[in-house]
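S.K.: What follows is a single structure, and I will ask about it in a moment.
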Amino acid sequence: MPITNGLLLLVYVTLQRLVELVIARRNTRKLLARRAYEVGAAHYPAMIALHATWLLTLWGLGWNHTLVPEFVLFFVFLQIARFWVLRTLGERWTTRIIMTPWAAPVTSGPYRFVRHPNYLIVAVELPCISLALGLPWHALGFGALNLILIGWRIRSENAAFARLSGRKGRVAE
């Protein structure tokens, strides 16, 4: 039997994003205090604007929609994967690209299987939530825009790892 509206899903996602922003800000401050540095910051305002607009439009369009159980179930699977990434990265997880020259790239947890598991999860998660709320055009539009920004982010991160590994004479993640 389907859940009658998307309000609970939207409350969960909104609270999750707010808590993650607090954690990310704390982790970023700690890393920068230890002489880590940010790269690719130019994409960050666009990423924040996209995600905020995605969430606000979900609230406007989908809060009272009947949830699609298959997409809700897939979202639960994605949450398990998300928590695995967060646990694996620990204090190195942020919403920015923060380079830690003193630490080798993470290759444990989901990073054994996928080079950028967090980006993969977010790339699938945004359209999944829209689809769970029965909003296919929302999923397509925001999913495509998010892929463009994730591509920009991955290129920035990979370039930074290449520069870092070139200075240290080792292969990056």
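The values are calculated or read from the model by the stated rules, or taken from the named source; none is laboratory data. Keep in mind that this is a model prediction, so the values were computed, not measured. Here the Cβ positions follow ideal geometry from the backbone for every residue, glycine too, while neighbour counts run over all protein chains shown.
S.K.: Check region 123-140 and report whether any residue there is more than 26 Å from VAL11 (Cβ to Cβ), surrounded by 17 or more Cβ atoms within 10 Å (Cβ to Cβ) and in contact with a Pro (Cβ under 6 Å, 6 or more places away or on another chain). Full working, then the answer.
M.R.: Kept after step one, since they are more than 26 Å from VAL11 (Cβ to Cβ), are these residues of region 123-140: none.
Checked against the condition, which is being more than 26 Å from VAL11 (Cβ to Cβ), surrounded by 17 or more Cβ atoms within 10 Å (Cβ to Cβ) and in contact with a Pro (Cβ under 6 Å, 6 or more places away or on another chain), region 123-140 yields no hits at all.
S.K.: Restricting the search to region 66-95, which residues are aliphatic (A, V, I, L, M) and either surrounded by fewer than 14 Cβ atoms within 10 Å (Cβ to Cβ) or within 26 Å of PRO45 (Cβ to Cβ) (or both)? Break it down into steps so the answer makes sense when it comes.
M.R.: Within region 66-95, the first condition is being aliphatic (A, V, I, L, M), and the residues that meet it are 67-68, 72-73, 76, 78, 80-81, 85-86, 89.
Scanning region 66-95 gives LEU73, VAL76, LEU78, ILE80, VAL85, LEU86, LEU89.
S.K.: Quick one: is ALA42 loosely packed, with under 15 Cβ neighbours inside 10 Å, at pLDDT 95 or above and of a type outside the set (Phe, Trp, Tyr)? Spell out the reasoning first.
M.R.: Numbers: loosely packed, with under 15 Cβ neighbours inside 10 Å: yes; at pLDDT 95 or above: no; of a type outside the set (Phe, Trp, Tyr): yes.
Spelling it out, it is not the case that ALA42 is loosely packed, with under 15 Cβ neighbours inside 10 Å, at pLDDT 95 or above and of a type outside the set (Phe, Trp, Tyr).
S.K.: Restricting attention to region 84-93, does a residue exist that is over 21 Å from GLY151 (Cβ atoms) and among the aromatic types (Phe, Trp, Tyr)?
M.R.: Yes - at least one qualifying residue is present in region 84-93.
S.K.: If you don't mind, there's one more thing I want to ask. Check ILE48, ILE98 and return the single one that is among the aliphatic types (A, V, I, L, M), in contact with a Ser or Thr (Cβ under 9 Å, 6 or more places away or on another chain), surrounded by fewer than 18 Cβ atoms within 10 Å (Cβ to Cβ) and within 21 Å of LEU18 (Cβ to Cβ).
M.R.: Working: ILE98 fails: surrounded by fewer than 18 Cβ atoms within 10 Å (Cβ to Cβ).
None of the others qualify; the one that does is ILE48.
S.K.: Determine if region 123-135 includes at least one residue that is under 27 Å from TYR37 (Cα atoms) and touching a Leu at 6+ places or on another chain (Cβ under 8 Å). Quick ask: steps written out before the conclusion?
M.R.: Going through region 123-135, the residues under 27 Å from TYR37 (Cα atoms) turn out to be 123.
Imposing the further condition that a residue be touching a Leu at 6+ places or on another chain (Cβ under 8 Å) reduces the set to 123.
Taking every residue of region 123-135 in turn, at least one turns out to be under 27 Å from TYR37 (Cα atoms) and touching a Leu at 6+ places or on another chain (Cβ under 8 Å).
S.K.: In addition: If a residue must be out of contact with any Ser or Thr (no Cβ under 8 Å at 6 or more places or on another chain), at pLDDT 85 or above and not aromatic (Phe, Trp, Tyr), how many such residues does region 140-173 contain? Don't jump to the end; show me each part of the working.
M.R.: Initial filter on region 140-173 (out of contact with any Ser or Thr (no Cβ under 8 Å at 6 or more places or on another chain)): 140-141, 144-170.
Narrowing further to those that are at pLDDT 85 or above: 140-141, 144-163.
In the following step, the residues that additionally are not aromatic (Phe, Trp, Tyr) were identified as 140-141, 144-151, 153-160, 162-163.
Adding up the residues that qualify gives 20.
S.K.: Answer yes or no as to whether GLY134 is on the phi > 0 side of the Ramachandran plot and out of contact with any Phe, Trp or Tyr (no Cβ under 8 Å at 6 or more places or on another chain).
M.R.: Working: on the phi > 0 side of the Ramachandran plot: yes; out of contact with any Phe, Trp or Tyr (no Cβ under 8 Å at 6 or more places or on another chain): yes.
Taking the combined requirement at face value, the residue satisfies it.
S.K.: Out of the residues in region 141-152 that are surrounded by 19 or more Cβ atoms within 10 Å (Cβ to Cβ) and of a type in the set (A, V, I, L, M), state the one that is farthest from the chain's Cα centre (by Cα).
M.R.: LEU149
S.K.: Something else: All but one of (1) touching a Leu at 6+ places or on another chain (Cβ under 9 Å); (2) modelled with pLDDT of 95 or more hold for GLY62, so report the exception by its number.
M.R.: GLY62 satisfies all of (1) touching a Leu at 6+ places or on another chain (Cβ under 9 Å); (2) modelled with pLDDT of 95 or more except (2).
S.K.: Could you tell me whether LEU7 is surrounded by 14 or more Cβ atoms within 10 Å (Cβ to Cβ), modelled with pLDDT under 95 and hydrophobic (A, V, I, L, M, F, W, C)? Lay out the reasoning, then the answer.
M.R.: Working: surrounded by 14 or more Cβ atoms within 10 Å (Cβ to Cβ): yes; modelled with pLDDT under 95: yes; hydrophobic (A, V, I, L, M, F, W, C): yes.
Here the answer is yes, as LEU7 does meet what is asked.
S.K.: Shifting gears a bit: Against the condition of a type in the set (S, T, N, Q), under 22 Å from TRP152 (Cα atoms) and either out of contact with any Ser or Thr (no Cβ under 7 Å at 6 or more places or on another chain) or surrounded by fewer than 14 Cβ atoms within 10 Å (Cβ to Cβ) (or both), how does THR28 come out, does it pass?
M.R.: Details: of a type in the set (S, T, N, Q): yes; under 22 Å from TRP152 (Cα atoms): yes; either out of contact with any Ser or Thr (no Cβ under 7 Å at 6 or more places or on another chain) or surrounded by fewer than 14 Cβ atoms within 10 Å (Cβ to Cβ) (or both): no.
For THR28, the condition - of a type in the set (S, T, N, Q), under 22 Å from TRP152 (Cα atoms) and either out of contact with any Ser or Thr (no Cβ under 7 Å at 6 or more places or on another chain) or surrounded by fewer than 14 Cβ atoms within 10 Å (Cβ to Cβ) (or both) - is not met.
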